[in-house]
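Enquirer: Starting off with a structure, shown below.
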Amino acid sequence: MADMDAYCDMEQDPDVRKFVGGYARSREDAESRFLNGAFQPVNDRLAMWATILKSENKYIGRCGLYPHFNVDGNPIKDEATLAFYIARGYWGRGFATEAGQAFIRFGFDVLKVKRIVATIQVGNDPSVHVIKKLGFMLCHTESGPRSFYHLELKENI
Ligand SMILES: CC(C)(COP(=O)(O)OP(=O)(O)OC[C@H]1O[C@@H](n2cnc3c(N)ncnc32)[C@H](O)[C@@H]1OP(=O)(O)O)[C@@H](O)C(=O)NCCC(=O)NCCS
């Protein structure tokens, strides 16, 4: 519960939400998602994790690996999706890169996944920069009202 205000601040920030959903949530909506577990993990490790800045003991976002779902909504075996969300005031300090590196190692070494994917809306240049720095390769670009890059990382490539 101590993280709720920081979580809601992020969900209400149009800059954070610009390329993830596209609209700022209301406080009521954000609180409801926080309280009702919008990010229910499939298990306690393949999930988004609260990202805590140790020096401030503060929630500054959420990062992690969650299941890679197929078109039928079922998790694909041995695969995971990497995602990162950092609060606006903490951008540009290397935290998404650091979290990405940690979760890639966690995915390959601990969870033993064989492939990690990421989906990034076209125009989200900082996110594209980070994911490329992490070694991901572009698989294809999905065009539509909002266009998305689909990227992948395989171990030892
Ligand atoms: C994308 C996001 C996670 C990056 O977090 P961050 O902690 O600021 O990332 P880092 O500090 O590790 O790295 C940012 C990199 O982007 C670069 N960058 C910043 N603005 C940029 C731009 N307009 N174009 C290209 N690169 C840019 C920075 O220079 C930095 O690269 P460098 O370390 O090589 O100099 C953060 O902006 C965020 O949470 N955005 C809102 C949510 C979101 O879009 N999440 C991603 C969903 S796919």
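Enquirer: With the Cα gyration tensor of the chain giving a ≥ b ≥ c as the square roots of its eigenvalues, does the rule (a/c under 1.5 for rounded; else a/b larger than b/c for prolate; else oblate) give rounded, prolate or oblate?
Expert: rounded
Enquirer: Under a point-charge model restricted to the Cβ atoms of Lys and Arg (+1) and Asp and Glu (-1), what is the dipole moment magnitude of the chain relative to its Cα centre, in debye to the nearest 20?
Expert: So the dipole magnitude of the chain works out to roughly 400 debye.
Enquirer: Name the aspartates and glutamates eligible as straight-distance cross-link partners of K114: C-alpha to C-alpha under 17 Å, and not fewer than 8 places from it in the same chain.
Expert: Result set, ordered by chain and number: D78, E79, E152, E155.
Enquirer: Give the range of the longest stretch in the chain that excludes all chymotrypsin sites (Phe, Trp or Tyr not before Pro) found in loop regions by DSSP and having at most 15 other beta-carbon atoms within 10 Å. Numbers along the way, then the final one.
Expert: On the way: sites that count: Y23, F39, W91.
In the chain, the maximal stretch lacking such sites is 92-157.
Enquirer: Can you compute the helix-only [θ] at 222 nm over the chain? Use -39500 (n - 2.57) per DSSP H run of at least 4 residues, normalise by all residues, nearest 500 deg cm²/dmol. Mind dumping the intermediate values first?
Expert: Working: 5 runs with 42 residues, N = 157.
Rounded to the nearest 500, it is -7500 deg cm²/dmol.
Enquirer: Now for a separate question. Near K54, which aspartates and glutamates are there with a Cα under 20 Å away, not counting those fewer than 8 places off in the same chain?
Expert: Result set, ordered by chain and number: D3, D5, D9, E98.
Enquirer: List the lysines whose Cα sits under 24 Å from the Cα of K112, skipping any in the same chain fewer than 8 residues away.
Expert: The qualifying lysines are K77, K132, K133, K154.
Enquirer: A further question on this structure: Which one, E28, E98, E56, has the greatest fluctuation when you compute a Gaussian network model over the chain with C-alpha springs under 10 angstrom?
Expert: Of E28, E98, E56, the Gaussian network model singles out E56 as fluctuating most.
Enquirer: Return the Rg/Rh value of segment 66-136, two decimal places, where both radii are evaluated on C-alpha atoms and Rh is the Kirkwood radius.
Expert: On the Cα set of segment 66-136, Rg over Rh gives 0.99.
Laboratory data are not the source of any read-out in this text; all were calculated from the coordinates shown. What you see is a predicted model; the values in this text were computed from it and never measured. Ideal geometry is used to build each Cβ from the backbone, glycine not excepted, and the neighbour counts take in all protein chains shown.
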